[in-house]
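Written out below as structure tokens is the structure these notes cover.
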Amino acid sequence: MASFSFLHAADIHLDSPLTGLSRYEGVPVDTVRSAPRQAFDRLVATAIDRKVAFVVIAGDLYDGDWKDAGTGLYFTACMGRLARADIPVYLLRGNHDAKSVVSRELPMPANVHVFDDRKPQTHHIPRLGVAIHGRSFTERAATENLAAGYPDAVRGAFNIGVLHTSLAGGYDGHADYAPCTPQELAARAYQYWALGHVHDHRVVSQTPYIVFPGNLQGRHIREDGARGAVLVHVQDAEVERLERLELDVVRWLPVTVSVDQLRDLPALHAAIRAGLGGVPDHGRPTIVRLTLHGRSPLHGALQDLSLRLRDDVRSIAAELPAELWIERLRVATSPPSEAEGAGSEIGALIPPPDGTLLAAMQAEFGKFLGAVPHDMLHEAADEDGGLLRQARQGEWAALLHAAHAALLHRLEDAA
């Protein structure tokens, strides 16, 4: 029987908007904004270079309705490149690009086959003995088990099920759409399930293969690490092997540096240099969120000098061989315990904030923060330990303790 390979991709989110990244000086916003298109260009080029038999896109090609026709024109141009290489594409609509979400369409090249959203549809490739089954989303929220209506496997064929799903119970950060169990999928007797929706790469099962390729390009710090697609090698109507392809253009990475027992800024700079120096050079720019954590006599200084320290971190990153951009610096430290000899004469004279001060602060600032437009604080609300997030959520005690530590540092420096 036929030996061939095909590409399985999902969650491309073409022209996905960025929120708030432009506030961070030094991060090349235009490069990050264009990364989903560049990663898709790599997918198309890889399909042509590797001479794949076809490409499967398991939902969320688009991030939502187009702002203009440019998004659709870009996609059709890419499909034209694949058409000239005689590579068909089987496209399923997910929650972000459901039939009801994308309000306009452009004529597709003849090599693009979009799965029906009203009922499951099967596309046949007779020369390869392949049957590809799928059903697109009609609405953004598909809460029913779509896989329950998929047809049984075509006997003697290599069967692929294409489905945008969270599986039963879902995954953290992903809405519970088209819920089903791996056992239900296996009961269809397909050889391969090409899933989408979960942005992390996961091989859920190998009997049969049930695979999330992950999204093509990470778009923020919660989508860290390698991103790309899966190349599936088929021999005699069975999956021979999977090959994960890293196609991302920009990579996101959280880095944590311990400040335990560090007592001066030169020691802190050395620890940061070692932490950032350990970031692998993947041959692509890496956007880093650096977190400082641990107990240190520097706690007050870090609270007080965070803006200056951010520039210090960027300077250290710039001198390293890998191309690193600092997206954000988080200070999540604490002072040494009393048993470790923390405190000073000044600290003993200025007690930590009490309940009365907390109540007064909430009364004064709560109304002000409530009037700030939500999108201005969207990024901050996403960040563990961020001062704006703490204020937005009314964590006044944490805010006051940070201010208390910063004040002690200034007074001790002046003493």
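The values are calculated or read from the model by the stated rules, or taken from the named source; none is laboratory data. What you see is a predicted model, and the numbers here were worked out from it, not measured in a lab. Glycine gets a Cβ as well: all are built from the backbone with ideal geometry, and neighbour counts include every protein chain shown.
Within the stretch 235-249, the only residue that satisfies the criterion of being crowded, with 19+ Cβ neighbours inside 10 Å and more than 18 Å from I57 (Cα to Cα) is V249. State whether the residues of the stretch 108-120 include one that is in a helix (DSSP H, G or I) and at pLDDT below 90. No, the stretch 108-120 has no match at all. Would you call I87 closer than 24 Å to F6 by Cα and in a loop (DSSP other than H, G, I, E, B)? Here the answer is yes, as I87 does meet what is asked. Number of residues in the stretch 207-230 that are touching a residue at least 60 places away in the same chain (Cβ under 8 Å) and under 16 Å from I132 (Cα atoms): the value is 1. Exactly one residue out of V211, V234 is within 21 Å of S166 (Cα to Cα), out of contact with any Cys (no Cβ under 8 Å at 6 or more places or on another chain) and in a strand (DSSP E or B): that is V211. Against the definition (at pLDDT 95 or above, buried (at least 16 other Cβ atoms within 10 Å of the Cβ) and either assigned by TED's automatic domain parsing to the domain that holds L7 or of a type in the set (A, V, I, L, M) (or both)), how does Y90 come out, yes or no? Yes; evaluated as a whole, the condition is true for this residue. Please tell me if V255 is of a type in the set (A, V, I, L, M, F, W, C) and in a loop (DSSP other than H, G, I, E, B). In short, no. When the stretch 271-313 is filtered for residues that are closer than 17 Å to T256 by Cα, surrounded by 16 or more Cβ atoms within 10 Å (Cβ to Cβ) and hydrophobic (A, V, I, L, M, F, W, C), the ones remaining, listed by number, are A271, I272, L276, V279, I287, V288, L290, L292, L298, L302, L309, V313. Taken together, the criteria exclude T31 from residues that are polar (S, T, N, Q) and modelled with pLDDT of 90 or more. Residue count for the stretch 100-129 satisfying the condition of being at negative phi and in contact (Cβ under 8 Å) with a residue 40 or more places away in the chain: 6. When V52 is tested against the conditions (1) aliphatic (A, V, I, L, M); (2) in a loop (DSSP other than H, G, I, E, B); (3) without any contact (Cβ under 8 Å) to a residue 12 or more places away in the chain, the lone failure is (3). Any residue in the stretch 181-200 that is part of a loop (DSSP other than H, G, I, E, B) and among the small types (G, A, S)? Taking every residue of the stretch 181-200 in turn, at least one turns out to be part of a loop (DSSP other than H, G, I, E, B) and among the small types (G, A, S). Exactly one residue out of F40, F75 is among the aromatic types (F, W, Y), within 19 Å of R284 (Cβ to Cβ) and within 22 Å of the chain's Cα centre (by Cα), and it is F40. Scan the stretch 298-310 and give yes if some residue there is in a helix (DSSP H, G or I), of a type outside the set (S, T, N, Q) and in contact with an Asp or Glu (Cβ under 8 Å, 6 or more places away or on another chain), otherwise no. Yes, because at least one residue in the stretch 298-310 is in a helix (DSSP H, G or I), of a type outside the set (S, T, N, Q) and in contact with an Asp or Glu (Cβ under 8 Å, 6 or more places away or on another chain). Does R37 meet the test of being in a helix (DSSP H, G or I), in contact with a Leu (Cβ under 8 Å, 6 or more places away or on another chain), closer than 21 Å to V250 by Cβ and modelled with pLDDT of 90 or more? So R37 fits the description; yes. The set of residues in the stretch 125-171 being among the charged types (D, E, K, R) and under 27 Å from A53 (Cβ atoms) consists of R127, R135, D152, R155. Residues of the stretch 146-166 that are under 26 Å from N215 (Cα atoms) and in contact (Cβ under 8 Å) with a residue 60 or more places away in the chain: F158, I160, V162, L163, H164.
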